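Below you'll find the structure, written out as structure tokens, and then a few comments.
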Amino acid sequence: MANNGRPGAMRKAKKGPSGGTGGLGRKALEGKGPTPKAEDRPYHKAFKNKQLSERSAAKRGDSRDNRAAGGRSGTNVRGKVAEEVVTGRNSVVEALRAGIPAKALHVAVRIDMDDRVRESLKMAADRGLPVMETHKPELDRMTNDAVHQGLVLQIPPYEYADPTDLAQETIEAWKKGHIRNAPLFVALDGITDPRNLGAIIRSASAFSAHGVIVPERRAVGMTASAWKTSAGAAVRVPVARAGNLNNTLKTFKKMGIFVLGLDGDGDVSLPDIVLAKDPVCIVVGSEGKGLSRLVRENCDQIVSIPIDSAMESLNASMAVGISLYEISRQRSA
């Protein structure tokens with residue numbers, strides 16, 4: 001802009017001088033304080049990790065509160081467990097092949113199709129399962145940010161039988177001649193691995209056992225992993241949940257069911273048992289701890305399986321399978 005030779009013209013185009021703040025800008029001059037921690041910054045990775053940790057802690061707290069109230073997280077008075085999901089392409093297709101009961105198949109929007117996805121969609125359609133296109137954020141929420149590869153199978157809550165009702169019904173069916181062999185049950189004491197439970201259910205189905213009993217506390221339940229390991233046998237063998245395993249075993253004994261505990265330090269060796277053709281409940285403990293003291297005291301007999309001295313113990317599911325085979329062999333003799 002030309003100033004037309006007037007010295008004051010340029011000064012008129014500028015702002016006038018600003019007055020002093022009189023101390024009013026001191027707060028602004030102090031700055032915003034120290035830089036927040038990474039976990040307190042919303043766009044930082046540590047912030048998300050902190051939120052996930054808090055959610056996980058809250059869930060654990062809810063679970064403890066439910067157990068203190070006499071239940072389990074996500075359960076109702078009938079003993080249903082919280083709904084579960086199977087995640088990942090390999091796991092989903094294997095679960096569908098095994099015939100695991102399912103509620104719905106969730107497929108990511110614009111999923112990258114491969115053979116596993118195609119087979120999962122076909123099996124879901126053959127079974128009449130709802131197939132839902134779901135956006136990734138919702139799949140992340142459903143799976144608690146687990147790796148799902150765009151494929152999630154919803155598993156409905158398992159409906160446990162009552163152990164006393166199951167035993168009573170089996171005894172009545174046996175007495176009326178509706179079932180050939182005497183009642184045969186397997187009870188788990190302190191088993192926490194769902195794969196062990198699934199394998200035990202599979203053995204129970206193979207050797208005509210009439211049910212599997214699991215404790216309500218400090219024990220595994222019918223999870224998706226247990227369903228998958230059972231290879232569909234859980235459809236044929238009922239699983240009952242006992243509020244107190246020791247009380248259930250006492251009730252079984254009053255009903256005429258002999259309780260046999262499996263332990264390496266047994267009163268009798270497996271081939272020598274004489275109760276195989278009677279109503280029997282086999283009790284197996286965890287591989288590390290074995291039978292608990294109270295459960296051991298409630299057993300009519302402790303049975304050991306002869307093994308090589310170099311082997312400390314058998315896996316729980318393997319011990320049950322061997323025992324069920326021997327009982328089945330003696331019953332068919």
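The values are calculated or read from the model by the stated rules, or taken from the named source; none is laboratory data. As the structure is a prediction and not an experimental result, all values here were calculated from the model. So basically every Cβ, Gly included, is an ideal-geometry build from the backbone, and we count neighbours across all protein chains shown. Note: areas computed on protein heavy atoms with side chains; ligands, DNA, RNA excluded. Shrake-Rupley method; radii C 1.70, N 1.55, O 1.52, S 1.80 Å.
Accessible area ranking (1.4 Å probe, heavy atoms, ligands and nucleic acids excluded), largest first, for Asp126, Asp189: Asp126, Asp189. Near Ala104, the amide H atoms lying under 5 Å from its own belong to Gln154; only residues 5 or more places off or on other chains count, and H is placed 1.01 Å from N. Amide H to amide H distances under 5 Å link Ala240 with Ala161, Val212, Ile213, Val214, where only residues 5 or more positions off or on other chains count and H is placed in the peptide plane. Over all other residues within a Cβ to Cβ distance under 12 Å of His106, the charged ones net out to 0, with Lys and Arg as +1 and Asp and Glu as -1.
Per residue, the Cα convex hull of the range 128-245 amounts to 131 Å³. Projecting the alpha carbon convex hull of the range 249-333 along each direction and taking the average yields 5.5 nm².
Counting only Cα atoms, I'd like the Rg/Rh figure for the range 125-189, Kirkwood definition for Rh.
Values: Rg = 20.7 Å, Rh = 16.3 Å.
Here Rg/Rh amounts to 1.27.
Between Ile307 and Thr35, the distance separating the two model label sites (each 7 Å from Cα on the Cα→Cβ line) works out to 5.7 nm. Take the Cα of Thr143, step 7 Å toward its Cβ, do the same at Lys122, and the gap between the two points is 2.3 nm. What does a probe at Ser332 reach in the range 157-188, counting residues whose amide N is under 17 Å from the point 7 Å along Cα→Cβ? Residues passing the 17 Å test: 180-182, 184.
Each residue, Ile111 and Arg180, gets one label point 7 Å from its Cα in the Cβ direction; the gap between the two is 4.3 nm.
Quick check for me: using +1 on Lys/Arg Cβ and -1 on Asp/Glu Cβ, what's the dipole size of the range 79-236 about its Cα centre, in debye to the nearest 20?
Values: 20 positive and 20 negative charges, 80 e Å.
So the dipole magnitude of the range 79-236 works out to roughly 380 debye.
Computed from the Cβ-Cβ distance with R0 of 22 Å, the FRET efficiency linking Glu159 to Asn247 stands at 0.55. Ligands, DNA and RNA excluded, the heavy atoms of Glu297 present near 120 Å² of accessible surface to a 1.4 Å solvent probe.
With a Förster radius of 35 Å applied to the C-beta separation of Arg218 and Lys103, the computed FRET efficiency comes to 0.80.
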